[in-house]
Structure formats: C-alpha cells, structure tokens
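The values are calculated or read from the model by the stated rules, or taken from the named source; none is laboratory data. It should be emphasised that the depicted structure is a prediction, and the values quoted were computed from it without experimental measurement. Virtual Cβ from ideal backbone geometry, glycine too; neighbours counted across all protein chains shown.
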Ligand code: NAD
C-alpha cells in the first residue's frame, strides 16, 4: 500500500526527530512492503519567517489532502525570539490550534506506558509499578470548558468571571466511539471519567457513554469520578486500559499520567478526527535549548509514527514491530542524554534512530 504523509518538522529539535521517525517508517515500508511518501509542510516559527504567519491556507490544505500528518514541534525560546513580538494569533503555537481546528481533530490520545528498562525514572514505588502499566487517555479536545462562552463583569460591584462548560450528545458520542474502537485494539476496558455527582454535563456524558457501550459488548466499561481517577493513577495505574474523558479533566489527567512514566522524550500522542485521519506528534515541545546538537531523544516521535500505523493505517503488526525495536534498543542499554543512567551507552539522535531501524523485522 501507498500512504501519503504530510510531514511538519517545525522548529527547534522538530526537524531532527521527525527525520528519524521518517527513517523508521521507511524501514517499516522496506520490511513489510509499504510505501510512505512525504510532503513537507511549514508550520510554526519557520512558517512565520517565510510567510509571516504560523500556518498558511496552502499548508493546511496539503495536510488535509494527506492520509495522516506527522508533526515534530513548533515554537522558540519564549520571550527571547522575534516570533513572540507579535499578536498571540501570529505566534508559532497558533499554528497548532489552527491545524487542529482546520482538520477537525476532536480526540486526543496520550498513551502512558512504562518501559521496564526505564522503571527507575518512574516516581512511583516498585510495589505500585509491579510489572508495569500501559494505559491510554482519550481526551475530548474541542469542547467543554476551554471552548465555552466566557466573560468577566462586575456583579453588584464585585468583579466576577464566568466560564461555561457545554457538551452536546453528538460531541460526547463521537469521542466515546473512538475510545471504544481503541479499546477493541487493546485490552477491551474503558474507564469513563466524569464528575457526575456534581455536573449536568457529566451526567449526560455518562448516559451517552453507556449508550455507546451497548455497541461494544466485548468491552468492559466502568465510570470513575475525576478526583478518584487522579488518586488511582498514582495508587494503581495498572487497573487502567483506556481512560475516556472530557477536555479539562483530560488535560490534567494526561499530564499526571505522563509524569508517572518518567521521561518527556518518550511520550507519543495522536489527535484524530471522525475518519481514520490523524495528526501524530510527541507530547514534548521544540526544546530550543538542545536544538541542532544531535542530543534530542527521537523516541516519542518514533512512537507517534507507530501510533499512525495503528490508528490511521490499521497496520498493527508494523506498529508492534516499531515498539518491539524501541524496547530492544533500550534493553541493550542504549540511551539518549535525557534518559541516560550509569552503565548505559549514550547515543545521539541519529544513532538512536539507526539502532531502532536496524531492529525492525
Ligand atoms: P519542551 O518540551 O520543549 O522542553 C522541556 C524540557 O524537556 C527541555 O529541557 C528540553 O530540552 C527537554 N526535552 C523536550 N523534548 C526532549 C527530547 N525529545 N529529548 C530530550 N530532551 C527533551 O518545553 P518548553 O521548553 O516549555 O517549550 C519549548 C518550546 O516548545 C516553546 O516555544 C513552547 O511553546 C513549544 N511547545 C510546543 C509544543 C508543540 O509543538 N506541540 C508543545 C509544548 C511546547
């Protein structure tokens, strides 16, 4: 099969890590008989330099016409770059919001997986970690409190701020369907997280999730309040497979979940729309402090490319081969600087990419 991928290297370490992820995809193509073709798209600071805006209409159209998008990261040193002497909607990160909106990406996927080899970086106790955890948070990305009407006014002479949390049945249903579809590819367990003891939007959330669950009889579903989920993530993360939740709860829980894995350079993510289309990117930023030095960890981006194989191309076996190769490289003791520990072999970005490619079979 041929797959066309819009590649957005972006700024900082973006070009270096995306290059390694493309090498990995090429290697997958060689071994499994697929062809990946790439169209480079400018976004972020590099687009500002060329076109004066962080994302042009043409760039968005190129992304839309592709089968999937692979993104490095955008942005420079905040407060220390010409890219920030402009209105917020013209800064590099505005490109991110524009592309997510332009592509209708409403479901954000953030896996939290503990590699045995990096268990020492996990802040949890060994008895809690046990034989590791492997969960994924499916967060609604375009609704809820962050997108509701808001204003600040004086009420009886007191300054008062109002934010509104709105969810329609349609918005809940489409992200719930995504979560159940993802669960079908995993351990078939969805934990839907809400605050149904307080919020109307959560009660509707729970009702719709239960309706969607009827179409997936093989998937076990349970409901958990968000405050309890925050505790359970650090007390017993092994109980989770797919966590489904709304925008703000997901924002907070996905950062909590990523911290218990220990390293920012290992965390992949995906944002999906209603079709199989998705944008895949590492969870970290453009790390301008280490750009151009061949020391950035490319694994988060490589694992994001593996997510692309699973969720956009349905190539589960190929995605598995990438994950196994990453695990093998770590097991053999190779580390980039951010995950380096005593007795291990330090390698740069390019070498890490090569080592992973060599182990894809
Ligand atoms: P960051 O994630 O870029 O960096 C935080 C720290 O982690 C830095 O010390 C960095 O060197 C390190 N780090 C990050 N990724 C790494 C990797 N792959 N390997 C090794 N070390 C890594 O966050 P920040 O410093 O707050 O932001 C830098 C820029 O990135 C800002 O302009 C910010 O707006 C932007 N940003 C972009 C995205 C995105 O494109 N999706 C996300 C977050 C931040």
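Test residue 244 against the criterion of being assigned to a strand (DSSP E or B) and either modelled with pLDDT of 95 or more or within 11 Å of the ligand (Cβ to nearest atom) (or both), and give yes or no.
Against the criterion (assigned to a strand (DSSP E or B) and either modelled with pLDDT of 95 or more or within 11 Å of the ligand (Cβ to nearest atom) (or both)), residue 244 qualifies.
Taking the options 60, 55, name whichever one is farther than 22 Å from residue 299 by Cα, more than 15 Å from the ligand (Cβ to nearest atom) and touching a residue at least 12 places away in the same chain (Cβ under 8 Å).
60
Among the residues in segment 284-294, are any free of Cβ contacts under 8 Å to residues at least 60 places away in the same chain and in a loop (DSSP other than H, G, I, E, B)?
yes
Return the only residue of 256, 211, 218 being in a loop (DSSP other than H, G, I, E, B), more than 16 Å from the ligand (Cβ to nearest atom) and surrounded by fewer than 22 Cβ atoms within 10 Å (Cβ to Cβ).
Details: 256 fails: in a loop (DSSP other than H, G, I, E, B); 211 fails: in a loop (DSSP other than H, G, I, E, B).
Answer to the check: 218.
Please enumerate the residues belonging to segment 161-188 that are in contact with a strand residue (DSSP E or B) (Cβ under 6 Å, 6 or more places away or on another chain) and surrounded by fewer than 20 Cβ atoms within 10 Å (Cβ to Cβ).
161, 162, 163 - these are the residues of segment 161-188 that are in contact with a strand residue (DSSP E or B) (Cβ under 6 Å, 6 or more places away or on another chain) and surrounded by fewer than 20 Cβ atoms within 10 Å (Cβ to Cβ).
Does segment 166-186 hold any residues that are more than 15 Å from residue 208 (Cβ to Cβ) and without any contact (Cβ under 8 Å) to a residue 40 or more places away in the chain, and which are they?
Residues satisfying the conditions are 181, 184.
Looking at this structure, is residue 251 free of Cβ contacts under 8 Å to residues at least 24 places away in the same chain, closer than 20 Å to residue 75 by Cβ, assigned to a helix (DSSP H, G or I) and more than 9 Å from the ligand (Cβ to nearest atom)?
On the way: free of Cβ contacts under 8 Å to residues at least 24 places away in the same chain: no; closer than 20 Å to residue 75 by Cβ: yes; assigned to a helix (DSSP H, G or I): yes; more than 9 Å from the ligand (Cβ to nearest atom): yes.
Answer is no for this residue.
Select from segment 228-238 the residues that are assigned to a helix (DSSP H, G or I) and touching a residue at least 24 places away in the same chain (Cβ under 8 Å) and write down the one among them that is nearest to residue 193 (Cα to Cα). Walk me through it before giving the result.
Pass one, segment 228-238, residues assigned to a helix (DSSP H, G or I): 228-235, 237-238.
Filter again for touching a residue at least 24 places away in the same chain (Cβ under 8 Å), leaving 229-230, 233-235, 237-238.
On the way: 229: 7, 230: 10, 233: 12, 234: 16, 235: 16, 237: 14, 238: 16 Å.
Ranking the qualifying residues of segment 228-238, first place goes to 229.
Closer than 19 Å to residue 323 by Cα, touching a residue at least 24 places away in the same chain (Cβ under 8 Å) and within 16 Å of the ligand (Cβ to nearest atom), is that true of residue 268?
Details: closer than 19 Å to residue 323 by Cα: yes; touching a residue at least 24 places away in the same chain (Cβ under 8 Å): yes; within 16 Å of the ligand (Cβ to nearest atom): yes.
Taking the combined requirement at face value, the residue satisfies it.
Go through segment 288-332 residue by residue and tally those that are farther than 16 Å from residue 185 by Cα, away from the ligand (no atom under 16 Å from the Cβ) and crowded, with 20+ Cβ neighbours inside 10 Å.
From segment 288-332, those farther than 16 Å from residue 185 by Cα are 288-305, 322, 324-332; that's our starting set.
Among the residues that remain, those that are also away from the ligand (no atom under 16 Å from the Cβ) are: 322, 324-325, 327-328, 331-332.
Checking which are crowded, with 20+ Cβ neighbours inside 10 Å leaves us with 322, 325.
Matching residues across segment 288-332 total 2.
Can you pull out every residue in segment 54-91 that is surrounded by fewer than 17 Cβ atoms within 10 Å (Cβ to Cβ) and modelled with pLDDT of 95 or more? Don't jump to the end; show me each part of the working.
Taking segment 54-91 as the starting set, the residues that turn out to be surrounded by fewer than 17 Cβ atoms within 10 Å (Cβ to Cβ) are 57-58, 61, 64-65, 77-82, 85-90.
Within segment 54-91, 57, 58, 61, 64, 65 meet the criteria.
Suppose the filter is part of a helix (DSSP H, G or I), more than 16 Å from the ligand (Cβ to nearest atom) and more than 16 Å from residue 101 (Cα to Cα); does residue 18 pass it?
no
Return the residues of segment 67-112 that are away from the ligand (no atom under 12 Å from the Cβ) and part of a loop (DSSP other than H, G, I, E, B); say none if nothing qualifies.
67, 85, 86, 87, 103, 104, 105, 106
Can you name every residue in segment 326-348 that is over 20 Å from the mean Cα position of the chain (by Cα), outside any loop (DSSP other than H, G, I, E, B) and in contact (Cβ under 8 Å) with a residue 40 or more places away in the chain? Give the derivation first.
Looking only at segment 326-348, we keep the residues that are over 20 Å from the mean Cα position of the chain (by Cα), and these are 328-337, 340-348.
With outside any loop (DSSP other than H, G, I, E, B) added as a condition, the list becomes 328-331, 334-335, 337, 345-346.
Result: 330, 331, 337.
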